[in-house]
Structure formats: C-alpha cells, structure tokens
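**Q** One structure follows; several queries about it will come next.
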C-alpha cells in the first residue's frame, strides 16, 4: 500500500505471502543474528558473575567470621583468664602457636630488630671484634683474626695473648670477658702480650658492624692443587669464591678441593652462582617447586669460569641448604667427587613476610630440587636416623673438620689446660731460639724431645705418653705457624690429621696411590664415579 500524490488515492498492491523474518531488511536480519547471542552471553555472564561474587562474598564472610572468632578468643582470655597477658603478647603467642602447627622447623615469628639481624646475617654482616680466642689460665690467646674485622684493622694477630679488657684482668680462660669483647656496643682497650719477645702493649678496638668474608681459608695444598673453604652462602659468597679460585689459579692451581663442611647455607641464589662457576653457562643448577603442584622453575648457571677444572668437594652433616645446592649440582653433572659424610638435608627455601613494624614471619615457601630432580627431605630424629641429605661418593667415618690447635675431644679439662700451656711454652721457646727456620721435620723432632721430658709423671701408660707427645707437638707447631702468620703452612700441616682433606688432595694429585681412600676409585674417573647417573651437559 502506498499513497499516489497525483491522483490523491491510496493504492493497494498485491505480493506473495512472506514470513516475518524474510520481510525484514537484510541488515536488520544479520544484526539480529548477533544481537541474540550477545544478549544470551550477557545474561550468562551476569549469572556466572553473580555466582562468583556471591562465592567471594561468602568467602569474605567466612574469613571475617574466623578473624572475629580469633579476636573474641583473645579478648575472652584477656578478660577472663586467671593468669592473662596483654593483648599484643596474646596475639604474638597465637601467631607462634599457628606456626608450630605447620610443623615447619624453619618457620619463626621475628620480633623487633630480629628481622634486621636475620637479613644482616644473610648479607654477611656481623657485629663484633672478629676474634677467635682460646681460653688460658693467664689470658686469652688469639687463634684467628678475621679479615676485614675491627680486630684486623687494629693490628691484632694470631698468637697474641689478651691479658686485660678495659683494665679488667682476664683470668681462668676468658669467661665473662668474652661478653666484654664480643657483645658490648662500645670500644675496648685490650692489654696484649705479643710473642716471641713478650712485648706488652695496649690496643683500642671498636666494636662495629662489618662484612665477614665467606672464604674462611684458601691456599695451595700442593704445587697444583688449590684449597678453598667456604663457611657460608651469604651475599657475595660466590664472588668471593671466584676471587679466591682466581688467585690460586694465578699461582699455578690446576685442580681444587672445595671444602663445604660446616657450611650451613644462606642464600639459595648464592648456592646456584657458586656451582655455576664450575658448570657450563646456562646449565640447570636447581629448580624451585612452590605450593599447589606448580611447575618447578629452573635456576641456571649465570656464568661459567672453570667448567673443566678437576674438583673434589668435602661435605659433612653440617653442610646444609644453599651449600647442598652447590654440592648436589656438581655431583649430578659429574663435575666433582664428594668426600666426607652425608649432608644435613635441608631442601627447602624460606622468605620473610612483614606483618608490621615489630613483627615478621619467616616461612618455608618452596622446595628445591637437584638437577636430577631429587628432593632432599630430612627425616625426624637425630644422627643417622635423620638422614635425608646427599650421600657422598667417598664415605668416611671421621669427616668432621676439627681445630687441631686444641686438645682432642674426650680429654679432661685439666689435661687440656696443661697440654695447652706446654704447647704455648714450647712454641715461644722455638720462636726465640729460631727453631722455626728449620725444616718441619727438624722442628717436630726437637719439639718431641722437649715434650717427652714435660709429660706429667702421673701419665705412666706408654700409649698415653705417646699420645701426649703427639698432641702437644702438633699444637706447638701450629702455635708457631699462628705467630708467623703462615696460614698456608698451617693448612698443609693440617692435611696429616684431616682424613677428608687428605683424601680430597690425594684424588687430585697425579700419581698418588688412593687405595687407602676407597679401592673402587682406582683409577678415578670423575664423570662417572661409582656408576652414578650423571647429567650430560649439552
């Protein structure tokens, strides 16, 4: 139907019947085709969104309800308990109880400046004088002075004897004076007796915060075998290890004994970097697996310095955490022979979560895996029952690193004190008489003869007397090396008494018979030691 303006009439036109859909213009029909799904999708999204929102609101209600329950419990205890505590202390103890229920031995509630101390420790920052002391009846002898420490800056050295601290005599060892030299926040005036001439002087030492190097010892065990002892895996540990090895290589070292005994770990990343020095760049050192079955994230060697240098690694029950990361990677790639005792088995990583200015949580947040995919899980218990660490290739009954300048474990306090005095006296005599310039064999022979005449009469058993002479001679020789600051000579001398160190050296020394270590190592082939599975480096 349409209106004809010329005739002023309405004209009716006849057409075949059509459906309503076909009567629509084409553009309108196509638009409808996508409008309908859009509306349906919007309705579905609104429904799903409503369900999600309701679930989130319900979860929030549950969380609020749980938080309110905890608050009510704390208020009830504070108001009604016969023996109550302040609210803040109740909250801290509630958090501590929650951490205990996690059965995480490494979780902790850090209070006050505990976070700063913890983080400072991981950075290698320590506060103190940097002295290792050995108590004696008439003073405290300096065994070692840490490099970079306040004591080192003040000129103290091994062999010095501290007679007084701030005019207070040090008697019967060092007892309370230990707190005076290590824990007090101020400077101290030390009265020091110095060998060999017995000069006495005063030294002022400031107790400050300083960086302790992770490299505790380094030197050449033989003409071409280097040695580095890394005591921790704090910040810059890998760089300090690199510097130490570089120094030894410049002196002719072609192989290395890496001593990780007693290294309790520290920063996971430093363990990765330390291993990477001896692996091809990009090799997977370890992987971190978080909660909820997430895919382990590989951590690769960021740099490579000595990927083919022959290595032995010394480990024991004190080797843990990031130090185990290093040892496991060098083992799995067949880069090193592990010697000593099973490691601790700390295969987890922690991080600190800040709650407030005064409180923080230290929580285990991930597990690390070796390149072979092995997880280290320490079992409950002590000793062998708690093993879950790395099994060394060469297992030794006595792998612990000891202080050979002290009396052996098991000696009575009286015997230890007496042999200490005899060793000190003999060492001072040797220095005054210039025995120290003699060959080591001659020095030892003279000391043995002298000590044989000093053994107390009550020690009548021939075996016991021989032990007295042996121990006293060793201690006196080490005293001489301490005073002369002959660190490398001390290190080489310690090889005689340190089974693990001797084994590590012998394996790397060409032509040395190592059957006394383990017959299976003849001949030693580092990439396939004892038939273990070794990762092939592409």
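The values are calculated or read from the model by the stated rules, or taken from the named source; none is laboratory data. In this text, all values refer to a predicted model and were calculated from it rather than measured experimentally. We place every Cβ from the backbone using ideal geometry, glycine too, and count neighbours over all the protein chains shown.
**Q** Which one is surrounded by the most Cβ atoms within 10 Å (Cβ to Cβ) among residues in region 146-169 that are touching a helix residue (DSSP H, G or I) at 6+ places or on another chain (Cβ under 8 Å) and at positive phi?
**A** The residue in question is 159.
**Q** Then there's this: Every residue in region 274-283 that is farther than 16 Å from residue 229 by Cα and buried (at least 20 other Cβ atoms within 10 Å of the Cβ), please. Spell out the reasoning first.
**A** Here is the first cut: in region 274-283, the ones farther than 16 Å from residue 229 by Cα are 276, 279-283.
Correct list: 276, 279, 283.
**Q** Taking region 89-99 as the search range and keeping residues that are free of Cβ contacts under 8 Å to residues at least 12 places away in the same chain and surrounded by 11 or more Cβ atoms within 10 Å (Cβ to Cβ), which one is farthest from residue 378 (Cα to Cα)?
**A** Narrowing region 89-99 to residues free of Cβ contacts under 8 Å to residues at least 12 places away in the same chain: 89, 93, 97-98.
From the residues that got through so far, the ones that are surrounded by 11 or more Cβ atoms within 10 Å (Cβ to Cβ) too are 89, 93, 98.
On the way: 89: 33, 93: 27, 98: 22 Å.
By that ranking, first place goes to 89.
**Q** It is to be established whether one or more residues within region 227-250 are touching a strand residue (DSSP E or B) at 6+ places or on another chain (Cβ under 7 Å), on the phi > 0 side of the Ramachandran plot and not in a helix (DSSP H, G or I).
**A** no
**Q** A further question on this structure: Sort out which residues of region 158-205 are touching a strand residue (DSSP E or B) at 6+ places or on another chain (Cβ under 8 Å), more than 30 Å from residue 433 (Cα to Cα) and either at pLDDT 70 or above or assigned to a strand (DSSP E or B) (or both), and write them in order of number.
**A** The answer is 165, 166, 167, 187, 188, 189, 204, 205.
**Q** A further question follows. Being in contact with a helix residue (DSSP H, G or I) (Cβ under 6 Å, 6 or more places away or on another chain) and at pLDDT 80 or above is the filter here, so list the residues in region 79-99 that pass it. Even if it seems obvious, please write down each step before you answer.
**A** Step one: filter region 79-99 for residues in contact with a helix residue (DSSP H, G or I) (Cβ under 6 Å, 6 or more places away or on another chain), giving 84, 87, 90.
Of everything in region 79-99, just one residue is in contact with a helix residue (DSSP H, G or I) (Cβ under 6 Å, 6 or more places away or on another chain) and at pLDDT 80 or above, namely 90.
**Q** Only one of these is modelled with pLDDT of 85 or more and under 30 Å from residue 281 (Cα atoms): 508, 451. Name it.
**A** On the way: 451 fails: under 30 Å from residue 281 (Cα atoms).
Of 508, 451, the one residue that is modelled with pLDDT of 85 or more and under 30 Å from residue 281 (Cα atoms) is 508.
**Q** Ok, one more. In the same structural domain as residue 352 (by TED's automatic domain parsing), closer than 16 Å to residue 333 by Cα and not in a loop (DSSP other than H, G, I, E, B), is that true of residue 286?
**A** yes
**Q** Quick check on region 463-477. Is at least one of its residues in a loop (DSSP other than H, G, I, E, B), in the same structural domain as residue 423 (by TED's automatic domain parsing) and at pLDDT 90 or above? Steps first, answer last, please.
**A** First, pick out the residues of region 463-477 that are in a loop (DSSP other than H, G, I, E, B): none.
No, the conditions are met nowhere in region 463-477.
**Q** When you scan region 141-157, how many residues do you find that are within 29 Å of residue 113 (Cβ to Cβ), outside any loop (DSSP other than H, G, I, E, B) and modelled with pLDDT of 85 or more? Break it down into steps so the answer makes sense when it comes.
**A** Here is the first cut: in region 141-157, the ones within 29 Å of residue 113 (Cβ to Cβ) are 144-154, 156.
Filter once more, so that each one left must be outside any loop (DSSP other than H, G, I, E, B): 144-145, 150-153.
So of that shortlist, the ones also modelled with pLDDT of 85 or more come out as 145, 150-153.
Within region 141-157, residues that are within 29 Å of residue 113 (Cβ to Cβ), outside any loop (DSSP other than H, G, I, E, B) and modelled with pLDDT of 85 or more number 5.
**Q** Further question: If I ask for residues that are surrounded by fewer than 18 Cβ atoms within 10 Å (Cβ to Cβ) and part of a loop (DSSP other than H, G, I, E, B), which ones from region 122-140 would you list?
**A** Scanning region 122-140 gives 123, 137, 138.
**Q** Right, residue 109: surrounded by 15 or more Cβ atoms within 10 Å (Cβ to Cβ), touching a strand residue (DSSP E or B) at 6+ places or on another chain (Cβ under 7 Å) and not assigned by TED's automatic domain parsing to the domain that holds residue 193 or not?
**A** When the stated conditions are applied, residue 109 passes them.
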